[in-house]
Amino acid sequence: MSVLAALRRELGEDRVGSSPGLDGRVFPRSGEELATALRLLAAGEASAIVRGSGSWDALGHPMPRARILLETTGLLGEVEVDAEDGVAHLPAGALVFSLSEHVRKETGGAWELPFDPVSPSSTLGGCLATASPGFCFGHPRDVVLGLEIVLATGERVRCGGRVVKNVTGYDLAKLYLGSLGTLGVIEAAWIRLLPAPEKTGCWWVPAADPSLAVEPARLPSARAAAWLSAGLARELSKPGPGMLLELAGDAAAVAADAEHLVCQNGATASDPTGLGVVRGMRGGDPGGRVRVSARPSQLAESVAGLSRAGAEILAHPARGLFWAFSADEAVFAAAERAGEGFLVEAAPLAIRESRELFGENPELRPLQAAIKAQYDPAGILNPGRFAGRI
Amino acid sequence: MGPRSNSSSLEACLRDVVGADQVLTRLEELFVYEADGLTHHSARPRAVVLPSTTEEVVRVVKACRKHEVPFVPRGAGTGLSGGALALADGVIIECARMNRILRVEPGDRFAVVQPGVVNADLSKAVLQHGLFYAPDPSSQQACTLGGNVAENSGGPHTLKYGTTTNHVLALELVLPDGNVVRLGSPTGWPAGYDLVGAVVGSEGTLGIVTEVTVRLAPIPERTETLLGIFPDVVSACRAVGAIIRSGLVPAAMEIVDRRTIEAVEASVYAAGLPTDAGAVLIMELDGPDVAVGVQAERTQALALAEGANEVQVARDEEERQRFWRARKGAFGAMGRLAPDLYVNDAVVPRRKLPEILEAVCAIGDRHGLRLSNVFHAGDGNLHPNISFDRRDADELARVQKAGAEILRLCVEAGGVISGEHGIGTEKRDYMGLVFSDDDLDAMKKLRAAFDPTLTCNPGKLFPTTRFCFEANPKARGYDQVPLE
Ligand SMILES: Cc1cc2nc3c(=O)[nH]c(=O)nc-3n(C[C@H](O)[C@H](O)[C@H](O)COP(=O)(O)OP(=O)(O)OC[C@H]3O[C@@H](n4cnc5c(N)ncnc54)[C@H](O)[C@@H]3O)c2cc1C
Ligand SMILES: Cc1cc2nc3c(=O)[nH]c(=O)nc-3n(C[C@H](O)[C@H](O)[C@H](O)COP(=O)(O)OP(=O)(O)OC[C@H]3O[C@@H](n4cnc5c(N)ncnc54)[C@H](O)[C@@H]3O)c2cc1C
């Protein structure tokens, strides 16, 4: 019997459909159904593309071996918001936007969900699987307390838990975060919430090069800071390169930092809608975009090099990250040398097919491959998509 | 594992590799290494090696592999879960001599250190740059960064700053097969699997950490330390809940209960605490000058509203140190009560603290044990401390029974069995309280990817009956050992 027929029989007709270019599509609606689906896929050695809402389909190497689309948006299990402890249990298939809204409501505005994805259709699972840094919030690894995962072999497993401090066993959540769904499919997560700020404010800080933006971006209440090269700054109707900066926190701290910005950095108050524009810059279709991690002290030189190569730049100066927008292979090659690590986030198909997109250390390949082989022995989850095409 | 007759050749090989004075094999030398801070678990290592470089670690690992002998990384041996014990006749690789701070990059806020650097020494070394290393285990004057990485150590200030895993950017690791890999990067954004995240907290089972790149944080502009004096521990716990619910994130919130106050006040650590108080709550706030003053006032008001008899605000550094002395001297003060101290370590959701504490004390009383509490209340991380004498087999059995009951209670409340000390040998057989067999198998897959032959620190963390250690002190002759 074909895998699709087995899926139909075990899960029901309405959980299985067609998908252009692939053999079919499966749409589990619970952890049990997901486990069943994965068991059947593994048994039939049928490879799957794991997808949330598909807002980042273009991430990673192409997957010619994949035969079935495994959609996670039906994973909408139990939601629990514990306002007293500032933690929440959230299902992977739910949209981050609606989860954020829910958390705000359930906690009377006291807490917020620390994710700010670019796309209104992003699922929580997708954000965790990509572990992409947000504009306001940093790496998801700092806020994920526990995960429920279905492994490629169909076992439903947990790691971590609901408490804010925990060293009980290996910290497998770290391994799964950012693994692009190549080790298992996330079903749900325990997330640590953050206290909602008392006050926020938005500022424009003119800065010719991004290293000048490091100091203001490190102010205690600076929550989101994006330095924009001249071409991107124009989209905010700003005359030249500079930084859009959001202050958030205690009213007194925000006021003190704002004063510092105005006096020391020549900042001017800015329209908060600019934040949305900047967030969107990472989501549009730029033709190509590469993320480079560089130390704050390397920023100026790295950014200058890529600008000369013709890329527009968006940088998070204090986080040691910047993005170069270009579809040019020469820029990707330069990015590879520019910092301490890179990730080609979007590129023309020819480039995605031909070059390594993840700038991970080649000496780690055997270890990364051993991990993949342990968790997904049949190689059925996103085959070939990840670093080193594992 | 290798037959004993191989021993002379292994030891000769080790001496070749690192020099004779860096290999300990005499019984009286090995005795020191039979246990870590968890004194009632012990195992005698076959040998102890003290390498000074990564290269030497590699050669030691290869020698052990050649002789099919397991090896165990060790730092200062302050661990409290039996993690650094050499089971199965293994060799201890002690990293304490690899204690150099290799590089400090103040502008980029990171430092590269060898694993034997003592936690507190790092903060001292970077003070001149206005920076500090945030994770501060109470053992920080002795414990090493390598041990901290292996245990994902916490401390009083993890409430705001997080545990070790939030501060480690990169690692150099000697894999169990002797290969050296570099994980992570000083910028903290590598692509590929997050292997730094997977190795931190893996209790020395995935390899030997030979270099650590840590994030440094700016010293806060202002710190305010408050001491709340409460009629009972339950109201102190409630105050913790109220403060967090209000959206404040203090740097630390630590509770010391009445039984501990009594012990501290009768010791050299006396901090002038009222011995008739039910509990004291140390609350520390730090951050920008303008914010901290307001936050301290709000904190004080909330503590009073929850029933504090009094809230003192430290007027100067000396007074601040006095408040902390009560917390930090607690372990030392316990030494007066009995020869041994068993420090339990479990976590519950914060709001369950009041009821759990009552139940924990009841368990101690029921077993006729001297149990007291000093703990990281803001994190829900309990440390019920039981003073006992390991030479009394009956008392030791009651300690272990009470410990198990406490763990079960915490798990039933939605918690876990370790917040910072790890599983080691102590709690490996309780992992089943928290995780299913499938959950544990998922962890073993990680282990298998790094160490397929299970040669690096075997017998830890996972439930097992394969390696048995001796928990009966009489059987090891401890009853004849003077306690000094
Ligand atoms: C241009 C751009 C900028 C971004 N900026 C931010 C940002 O600022 N902040 C932020 O938080 N995020 C950011 N992201 C991340 C983004 O929001 C999410 O990664 C993505 O949109 C997730 O939503 P999705 O459901 O569409 O995932 P998809 O696009 O469907 O999937 C993305 C990846 O996650 C895997 N995946 C999806 N669901 C699961 C699951 N349940 N279990 C395991 N693997 C799964 C997929 O296999 C795939 O590898 C950005 C993404 C893009 C494209
Ligand atoms: C009085 C007291 C107070 C304490 N307070 C705290 C506290 O507040 N918070 C807290 O978290 N802990 C605390 N601890 C526990 C202990 O100090 C920590 O677990 C510490 O991190 C252990 O460091 P160590 O150098 O002593 O490691 P060891 O005890 O020598 O080893 C601990 C583990 O780390 C492994 N290891 C050591 N070095 C390496 C290496 N280079 N590579 C790989 N693995 C290695 C060992 O194999 C072992 O599994 C306390 C202990 C005491 C005695």
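The values are calculated or read from the model by the stated rules, or taken from the named source; none is laboratory data. Fair warning: this is a prediction, and the values are worked out from it, not measured in the lab. Note that we place each Cβ from the backbone using ideal geometry, even for glycine, and neighbour counts take in every protein chain shown. These area figures cover heavy atoms from the full protein model, side chains too; ligands, DNA and RNA do not enter into them. Shrake-Rupley method; radii C 1.70, N 1.55, O 1.52, S 1.80 Å.
Just from its helices, what would the mean residue ellipticity at 222 nm be for the protein assembly as shown, if runs of 4 or more DSSP H residues each count -39500 (n - 2.57) and the sum is divided by every residue, rounded to the nearest 500 deg cm²/dmol? The partial results should precede the final answer.
Working: 29 runs with 275 residues, N = 874.
Estimated from H runs of four or more residues: -9000 deg cm²/dmol.
Quote the Stokes-Einstein diffusion coefficient, in whole µm² s⁻¹, for the stretch B:344-413, based on the Kirkwood radius over alpha carbon pairs, a temperature of 10 °C and a viscosity of 1.306 mPa s.
131 µm²/s
Hull surface divided by four, with the convex hull built on the Cα atoms of the stretch B:155-229: how many nm²?
Average of the hull's projected areas for the stretch B:155-229 equals 6.9 nm².
From largest to smallest, what semi-axes in whole angstrom does the stretch B:266-409 give when each is the square root of 5 times an eigenvalue of its alpha carbon gyration tensor?
31, 18, 12
Name the residues of the stretch B:275-297 whose accessible area, probed at 1.4 Å, falls by at least 40 Å² once all protein chains are in place instead of their chain on its own?
B:Pro288, B:Val290
If I take R0 = 25 Å and measure r between the Cβ atoms of B:Gln128 and B:Ala301 in this structure, what FRET efficiency does the formula 1/(1 + (r/R0)^6) give, to the nearest 0.05? Please report the intermediate quantities before stating the final value.
Numbers: r = 38 Å, r/R0 = 1.51.
Calculated value: 0.10.
Net charge near A:Pro120, counting Lys/Arg +1 and Asp/Glu -1 over other residues with Cβ under 13 Å of its Cβ?
After counting each charged neighbour, the total is -1.
Of the accessible area of the stretch A:179-267, with the probe set at 1.4 angstrom, what percent is carbon plus sulfur?
Carbon and sulfur: 53 percent of the exposed surface of the stretch A:179-267.
Which one of A:Glu198, A:Glu259, A:Glu84 has the biggest mean-square fluctuation once chain A is modelled by GNM with Cα springs under 10 Å?
A:Glu84
For chain A, what is the Kirkwood hydrodynamic radius in Å, using each pair of distinct C-alpha atoms?
22.0 Å
Under 25 °C and 0.890 mPa s, how fast does the stretch A:83-139 diffuse according to Stokes-Einstein, given a Kirkwood radius computed over C-alpha pairs? Answer in µm²/s, whole number.
After rounding, the answer is 211 µm²/s.
Using only Cα atoms and rounding to the nearest 10 degrees, what angle (0 to 90) does helix A:96-106 make with the longest principal axis of chain A?
Taking Cα atoms only, the helix is inclined about 80 degrees.
What Kirkwood Rh does the stretch A:269-335 have if only Cα atoms enter the pairwise 1/r average? Answer in Å.
One decimal place: 12.5 Å for the Kirkwood radius.
Tell me, what is the Rg over Rh of the protein assembly as shown, with Rh the Kirkwood radius over Cα pairs? Let's see the in-between values first.
Details: Rg = 27.1 Å, Rh = 28.2 Å.
For the protein assembly as shown, the value is 0.96.
If you roll a 1.4 Å probe over the stretch B:89-137 with all protein chains in place, what percent of the accessible area is carbon or sulfur?
After summing per-atom areas, the C and S share lands at 48 percent.
Determine, from the Cβ-Cβ distance of A:Gln264 and B:Glu310 and an R0 of 60 Å, the FRET efficiency 1/(1 + (r/R0)^6), rounded to the nearest 0.05.
Computed FRET efficiency for A:Gln264 and B:Glu310: 0.90.
Roughly what % of Cα-Cα distances in the stretch A:28-174 sit above 17 Å, to the whole percent?
On the way: 6945 of 10731 pairs.
Roughly 65 percent, rounded to a whole number.
Let me check against my output: what whole-number percent is the relative contact order of the stretch A:131-194, with C-alpha pairs under 8 Å and at least 6 apart?
RCO, the stretch A:131-194: 41 percent.
Using only alpha-carbon positions, what ratio does the radius of gyration of the stretch A:85-241 give when scaled by 2.2 N^0.38 Å?
Relative to the 2.2 N^0.38 Å estimate, the stretch A:85-241 comes out at 1.19.
Evaluate 2.2 N^0.38 Å with N set to the residue count of chain B, then give the Cα radius of gyration divided by it.
0.98
Between beta-carbons, use under 10 Å as the cut-off and find the net charge around B:Arg258, counting Lys and Arg +1, Asp and Glu -1. Walk me through the numbers before you get to the answer.
On the way: positive: B:Arg259; negative: B:Asp232, B:Asp257, B:Glu262, B:Asp276.
Charge balance near B:Arg258 sits at -3.
How big is the stretch B:24-114 on each of its three principal axes, counting only the C-alpha atoms and giving the largest first in Å?
47, 31, 19
Tell me the carbon and sulfur percent of the accessible area for the stretch A:71-132, rounded to whole percent, probe radius 1.4 Å.
For the stretch A:71-132, the apolar C and S fraction of the accessible surface comes to 55 percent.
Provide the convex hull volume over Cα atoms per residue for the stretch A:1-54, in Å³.
Here the figure is 83 Å³ per residue.
If you project the alpha carbons of the stretch A:227-301 onto the principal axes, what extent comes out on each, in Å, largest first?
Result, largest extent first: 42, 30, 24 Å.
Tell me, rounded to the nearest percent, the portion of alpha carbon pairs in the stretch A:255-390 spaced more than 26 Å apart. Working shown, then result.
Values: 3502 of 9180 pairs.
The answer is 38 percent, as a whole percent.
Compute the whole-percent fraction of alpha carbon pairs in the stretch A:1-107 spaced more than 19 Å apart.
Working: 2850 of 5671 pairs.
For the stretch A:1-107, the fraction of Cα-Cα distances above 19 Å is 50 percent.
Rounded to the nearest whole Å², what accessible area per residue is found for the stretch B:215-341 with the 1.4 Å probe?
39 Å²
Around A:Pro62, with a cut-off of 9 angstrom between Cβ atoms, what is the net charge of the other residues, counting Lys and Arg +1 and Asp and Glu -1?
+1
For the modelled label position 7 Å from the Cα of A:Val79 along Cα-to-Cβ, which residues of the stretch A:25-61 have backbone nitrogen atoms closer than 19 Å?
A:29-31, A:52-53
Over the whole of A:171-181, what's the average partner chain Cβ count within 10 Å per residue? Rounded to a whole number, please.
Whole-number average of other-chain Cβ neighbours for A:171-181 is 6.
Tell me: how much accessible area in total is hidden between A and B, 1.4 Å probe, Å², nearest 100?
Details: alone 16970 and 19660 Å², together 30580 Å².
Buried surface at the A/B interface: approximately 6100 Å².
Please compare each pair in A:Lys165/B:Lys401; B:Lys66/B:Lys460; A:Lys165/B:Lys352 to a cut-off of 18 Å on the Cα-Cα distance and tell me which ones are over it.
With Cα atoms farther than 18 Å apart: A:Lys165/B:Lys401; B:Lys66/B:Lys460.
Relative to the longest principal axis of chain A, what angle (0 to 90°, nearest 10) does the C-alpha long axis of helix A:365-375 take?
50 degrees
So how exposed is A:His260, as accessible area in Å² (1.4 Å probe, rounded to 10)?
Number for this one is 60 Å².
Per residue, how big is the convex hull around the C-alpha atoms of the stretch B:62-120? Give it to me in cubic angstrom, could you? Can you show the working numbers first?
On the way: hull volume 6.5 nm³, N = 59.
That works out to 110 Å³ per residue.
Starting from 0 in steps of 10 Å, tell me what percent of the Cα-Cα pairs of the stretch A:127-217 lands in each bin.
Pair shares across the bins are 14, 37, 24, 17, 7, 1.
At 0.890 mPa s and 25 °C, plugging the Kirkwood radius over alpha-carbon pairs of the stretch A:314-383 into Stokes-Einstein gives what diffusion coefficient in µm²/s? Please list the in-between numbers first.
Working: Rh = 14.1 Å.
Answer, rounded: 174 µm²/s.
Are there DSSP H segments in chain B that both extend 27 Å or more along their axis (alpha-carbon positions) and score a mean Kyte-Doolittle hydropathy of at least -0.5? List them, or say none.
Counting only whole DSSP H runs, the qualifying helices are B:393-412.
Debye sum, Cα scatterers, the stretch B:66-200, no solvent: what log₁₀ I/I(0) at q = 0.10 1/Å?
Debye intensities relative to I(0), on a log10 scale: -0.34.
Over the residues of the stretch A:166-274, compute the C-alpha Rg and express it relative to 2.2 N^0.38 Å.
1.40
Anything losing 40 Å² or more of accessible area from the isolated chain to the full protein assembly: pick those residues out of the stretch A:342-375, probe 1.4 Å, ligands and DNA/RNA ignored.
Hits at the 40 Å² cut-off: A:Glu363, A:Leu364, A:Leu367, A:Gln368, A:Ile371, A:Gln374, A:Tyr375.
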